[in-house]
1. Could you grab me the full set of residues in segment A:12-34 that are more than 9 Å from chain B (Cβ to nearest Cβ) and surrounded by 17 or more Cβ atoms within 10 Å (Cβ to Cβ)?
2. Is one or more of the residues making up segment A:64-83 small (Gly, Ala, Ser) and closer than 30 Å to B:Leu53 by Cα?
3. When you scan segment A:176-184, do you find a residue that is surrounded by 13 or more Cβ atoms within 10 Å (Cβ to Cβ), over 16 Å from the mean Cα position of the chain (by Cα) and farther than 15 Å from A:Ala220 by Cα, even just one?
4. Among the residues of segment A:36-56, is any assigned to a helix (DSSP H, G or I), away from every other protein chain (no Cβ under 11 Å), in contact (Cβ under 8 Å) with a residue 60 or more places away in the chain and not small (Gly, Ala, Ser)?
5. If you scan segment B:46-68, which residues turn out to be in contact (Cβ under 8 Å) with a residue 40 or more places away in the chain and facing another protein chain (nearest Cβ under 9 Å)?
6. Looking only at residues that are in contact (Cβ under 8 Å) with a residue 40 or more places away in the chain and aliphatic (A, V, I, L, M) in segment A:57-70, which one is nearest to the other protein chains (Cβ to nearest Cβ)?
7. What number of residues within segment A:125-160 satisfy the criterion of being surrounded by 12 or more Cβ atoms within 10 Å (Cβ to Cβ), over 19 Å from the mean Cα position of the chain (by Cα), on the phi < 0 side of the Ramachandran plot and outside any helix (DSSP H, G or I)?
8. What residue, of A:Val153, A:Val126, A:Val137, A:Val109, is at pLDDT 85 or above and either among the hydrophobic types (A, V, I, L, M, F, W, C) or out of contact with any helix residue (DSSP H, G or I) (no Cβ under 9 Å at 6 or more places or on another chain) (or both)?
Amino acid sequence: MEVERELRTHLEDLVEEAGKAGCHAKDIENYVQCRFGSPQNVAATFSGVYRRERLLLATISTATLGLVMSLVGACFVGVTQWSLLAAFGRLDPRAFSRSHLLMELILTVGTILGFLAFYLLEHSFVRRPVAKAILSVIALFLITDLVLRIWVVAPGGALIGAFFCAVLVRAAEGCFRSRMWKLTFTVIGITGFGVAVACLGRGASADTWTLVGPVWMSVAASCALVAWCSERYGPVLLTSSPA
Amino acid sequence: MNVNRELLKGSISLLILRLLKKREMYGYEIIQEAHRLSRNTFEFNEGTLYPALHQLELKGFLKAEWRTAENGRERKYYSLTARGIKQADQAHAEWKLFTGTIDTILASESA
């Protein structure tokens, strides 16, 4: 990074000056820090200089990551659903109707983006980050519901389901340290939620368990992947700098 | 008597522009020149110079170029752009107006 190169050169000049002034080796560090100032203050001032560029870069990176994850998740769930229906000889056209696919898309993408929103908003707020993130995500879902009702279709329970699943994934990330436990909780939680909703709607049957269960497991797997990507790439996105 | 650092913070851009109007310099050199011209009155955290330099560069008042010195050390030399020269003159005029007004008020109070 250019900034690092520039500051390093300045510090080298200061060290050289301190040496010429007769400072002992152990005093040079104090001399340099006294002249240069606190690294935290310098870093804080620099982050203000490039704030707009960093925000733009973080927004573009986050939007790209969200889009890619949503596409991957939606495709994964769609392929799983189709494969199951084909395997059980249940290729019902209603399963691939526009309205059904739209609801599935809203559910999967809503869950993925909902979790991403939780993650990023929590790391953006300083005071009471969890409470503010929850309120912000609820507001985002309400706005999305309104937009969908006006321009596309009333999402019904799909958006509520997406919010609930996003909360589950967030809870898994917050309550457990081990990736294995996070994955287990996510899969059991989301699959259990999906099967429970299906049982309420259609009644508990072998069909419900054998068809609905694996589809919801694929949704859960997508969500677990998103959570892992957020943990892996989130800090990079949030601290990205153009300089 | 050392000058309050908060006063200095507000005028660092003006100092940078005026110093660079004479000749191009790198960061450490700007500090040395400011110390020399002020007879060591001005002392500020040198790390804060660089955010100011980058801010001025982003605004288009400065341009920068990396060069390798004889000792092998890489230095980033800053110089004024045409906009920077205008801004230096404008900032100087504003400063003279500001300090002139303050001096007038202080002189009238002591009279």
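The values are calculated or read from the model by the stated rules, or taken from the named source; none is laboratory data. Note that the structure is a prediction, hence the values are computed from the model and not measured. Backbone-built Cβ (ideal geometry, glycine too); neighbour counts: all protein chains shown.
1. A:Ala18, A:Ile28, A:Tyr31, A:Val32
2. no
3. yes
4. yes
5. Those that are in contact (Cβ under 8 Å) with a residue 40 or more places away in the chain and facing another protein chain (nearest Cβ under 9 Å): B:Ala52, B:Gln55.
6. A:Leu57
7. Residues meeting the conditions: 2.
8. Going through A:Val153, A:Val126, A:Val137, A:Val109 in turn, just one is at pLDDT 85 or above and either among the hydrophobic types (A, V, I, L, M, F, W, C) or out of contact with any helix residue (DSSP H, G or I) (no Cβ under 9 Å at 6 or more places or on another chain) (or both): A:Val137.
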